[in-house]
Every structure is written in C-alpha cells, then in structure tokens.
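Presented below is the structure to which this report refers.
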Amino acid sequence: MAVCRRLARLAAHLQDPRGVAAFQRLCGVEAPAGWAGSRGPVVNGGSAPDGRRHPEGNGAVPGGAAPPQLWRRPRRNSLTEEDGCMEFNTRSRFLYYLFSLGTELGNELFYILFFPFCIWNLDAWLGRRLIIIWVWVMYLGQCTKDVIRWPRPASPPVVKLEVFYNSEYSMPSTHAMSGTAIPLALLLLSYGRWQYPLVFGLILAFCWCSLVCCSRIYMGMHSILDVIAGFLYAILILIVFHPLVDLIDDFNLTYKYAPLIIISLHLALGIFSFTLDTWSTSRGDTAQILGCGAGVACGSHVNYMMGVNLDPPLDTLPLSLSSLTVTVFGKAILRLLIGVIILLLTKIAMKKATIPLACKIFRIPHDDVRKARQRMEVELPYRYITYGMVGFSLMSIVPCVFHFIGLS
C-alpha cells in the first residue's frame, strides 16, 4: 500500500500543471502581464465569468484584456473556431522555433511529406511497415484518450502556445506516441537493411523522440505525466506489433480478399471510436488515420496484383546512401513535389464530393459545413473516404504517374 501511495503522489506531481509552467519559464516563455489574475481557468466546458460557455475546455482560457505582446502563434481550427492566437513573451527565439519544429513532427504536414518521401524515394518496403505501426499507435492512443478523459493542463498557470487540439483530451500524448514509435520503428526496421552505424540510428531516434516529447510540454498542451505515458505506451505497442508487421504486410499484399477485410476492419474501428465520447476533433483525426492506413494497404494490394513492385531488388540489399548524387537528389525532390501536389488535389476533390454527398444521403443540412461535420454521419465518411483515396494515391496512382512521365 505504501508503494501505491508513493506512486499516486508521484503521478499527481507529474500531472500538476505547475510543472508544465515551470518548464515553460525555464525555456523563456512568459505570460502576458496581469494575465494570470484576469480570469480563472475554464475546464471541461464550464462557463466563464462572462457567462459565455466555451468549447470543452480541457484547461482553455478565453482571451481577456491584455496589453500587446511580442509573440502570437496563429493556427485556426476550422471546426472548433479556436484560432490559437494567445499572446505570450519568449526570451529564446531558438527554443521557440526548435519546439515548433518538434510539434510539427506529429502533425499532418509532416506525415504528408515524410511517408511519401520514404515510399517514393527510399524504400517502399520500409514505408508500408512504418505506416502500419503508425496507424495502430495513433488509433490506440486516440481511443485511450477518450476512455481516460483527462483534461489538458489548466491555464493559468500554463501558457497555451497552441490551442488547435485543445478540444481533445490529454492522456496520453499522441504526439509523444508517434514521436517515439516512428523513429524507433524506423531504427528497428531499417538497421541491417540499410548500411549505417547503429550509433547514428540511436542518436537520431533519441533526438527525434526528445524533441517531440519536450515540445508538447513547451507548448502547454500536455503534462509531464501525459508525455511519459505516451512514450511508454508507444513502446508497449511496438513490442506487440513489431513481430507482427511482416505478417500484416504480407496479408495486405497477397490475400485475395484483403481489400474487403481491410476496408471493413478500419471502418468498424472508426465507428467504434466515434462511440467512445461526445464530439471532438479527435473523432475526425481517428477516421483520417484509419482511412489513410486502409488506402495504403489497398494500394499495396493493387500493386501486387498488377505486378508493380516498388520495393528495391533483393540483390541490392543492404541499401546505402553512398550512391547519392545531384541527379538522384534532384529527381527525388521532383517526385516529392509532383506527388504531394497530386495528393493535395486528391484531398481537395474528395472533400468537395464527400461532404455534400454525405449530407444528402443522411438528410443533414449543409448550409453550415462546420456544424454538419460535427455529425458522425458526415465526418466519418468524409475523413475515411477522402484520406483513403489519399493513401491509395500515395501507394498506387502516384507511382504509376511517375512511371508514365519517366520519373520511376
């Protein structure tokens, strides 16, 4: 019992928002003058002193009267109307930009650049397996958030440098999970297949993971306990899924009815996740991740059935970066630019088509798209189909375009 009490006290200490605020002050982040006493924190959708009700707050604080400050971090959330415009001071521009980079390593912009670059330019075998692990890590992390339902760190004392995901719950940090799982999986899957010193891989994984985890505390979005739990949870998922990733990839490629099973399974998981809690942006993110994973898996199956092999020939293993030339690098960048443009056009086209179609099928008014997308009947098919097509294009359509224009 004494051990349990100590662990409970330690967990409470690590969850304390004052620890987050102390780390922010250590890194040079300061709140606006007079801000802490202007209004109390709004937690879990409570009403503010002005009588207005704010989105499920997870520690959100409505902006009050404050003198002009030096920094703003604008990033508008189109569904919650949170625009991330809280003002703050920072004594270190270097740390601000460094941790901004770290937090972007867990956002959509990074994923839409990293995974395509890996598949189109480095090793499709490696890219498919990374996406399998990433999908399961993110899905389990998002669902766990909605089961535990812990709020974001209270503000004040925490300075919220980012509120884009503020309507989501906090435990565990899915940024910390992806920032742990991707570099560790990259090391486990690539070492021996690619020629590089093990020390280099370990240093890269450590720096990547540390940067992402610390950035979430710096941004005021997670407590220290959230980040530690996300780190350990990702390692646990890796231990379970890493031995299975070859079996899953072989099933996706070779089994005759794999596309039907893949689409049905991912859709069922998406519907299940939508039932865990009331609406928040995590619902759409979960459907988006599952759709992307299903699209990549189906695209891989189509490639296999058509005899299109994107994997490096076995006689070229182990692979090496020593053959990198200006020409090879130029073609890689050109493939990335052309391919990402195709993916973005696919995303835009599918969004334009799926939202009105879902509204029409389920008889939901679509005059206010933001409100319509807060309905499961719209958000789930929109995200799942749109990002499913993005994943399919990534794996099958874009490589065919490269072959047609001579960029294979």
Answer with yes or no whether Trp136 is surrounded by fewer than 24 Cβ atoms within 10 Å (Cβ to Cβ) and more than 16 Å from Leu238 (Cα to Cα). no
When you go through (1) free of Cβ contacts under 8 Å to residues at least 40 places away in the same chain; (2) over 10 Å from the mean Cα position of the chain (by Cα) one by one for Phe110, which number turns out not to apply? (2)
Scan the range 373-385 and tell me whether some residue there is open to solvent by less than 60 Å² (accessible area, probe 1.4 Å), more than 17 Å from Ile271 (Cα to Cα) and not polar (S, T, N, Q). no
Return the total of residues in the range 139-151 being open to solvent by 10 Å² or more (accessible area, probe 1.4 Å) and at pLDDT below 85. 5
Please determine, by comparing only the residues of the range 362-372 that are in a helix (DSSP H, G or I) and open to solvent by 10 Å² or more (accessible area, probe 1.4 Å), which one is farthest from Ala332 (Cα to Cα). Lys371
Checking Arg93 against (1) modelled with pLDDT of 75 or more; (2) among the basic types (Lys, Arg); (3) open to solvent by less than 40 Å² (accessible area, probe 1.4 Å): exactly one of these is not met. Which one? (3)
What are the residues in the range 307-336 that are closer than 28 Å to Tyr255 by Cβ, open to solvent by less than 70 Å² (accessible area, probe 1.4 Å) and more than 29 Å from the chain's Cα centre (by Cα), if any? Gly307, Val308, Thr316, Leu317
Only one residue in Ser223, Ser210 is open to solvent by less than 10 Å² (accessible area, probe 1.4 Å) and either farther than 30 Å from Asp311 by Cα or not aromatic (Phe, Trp, Tyr) (or both). Which one? Ser223
What's the number of the condition His175 fails, among (1) modelled with pLDDT of 90 or more; (2) within 12 Å of the chain's Cα centre (by Cα); (3) under 26 Å from Phe23 (Cα atoms); (4) open to solvent by less than 10 Å² (accessible area, probe 1.4 Å)? (4)
Of the residues Ala358, Ala294, Ala349, Ala353, which is on the phi < 0 side of the Ramachandran plot, in contact (Cβ under 8 Å) with a residue 60 or more places away in the chain and in a helix (DSSP H, G or I)? Ala294
Does Tyr304 satisfy the criteria of being surrounded by 18 or more Cβ atoms within 10 Å (Cβ to Cβ) and among the hydroxyl-bearing types (Ser, Thr, Tyr)? no
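The values are calculated or read from the model by the stated rules, or taken from the named source; none is laboratory data. The shown structure was predicted, so the numbers you read here are calculated from the model rather than taken from an experiment. Cβ coordinates were reconstructed from backbone atoms using ideal geometry, including for glycine residues, and neighbour counts include every protein chain displayed. With ligands, DNA and RNA removed, areas are computed over all heavy atoms of the protein, side chains included. Shrake-Rupley method; radii C 1.70, N 1.55, O 1.52, S 1.80 Å.
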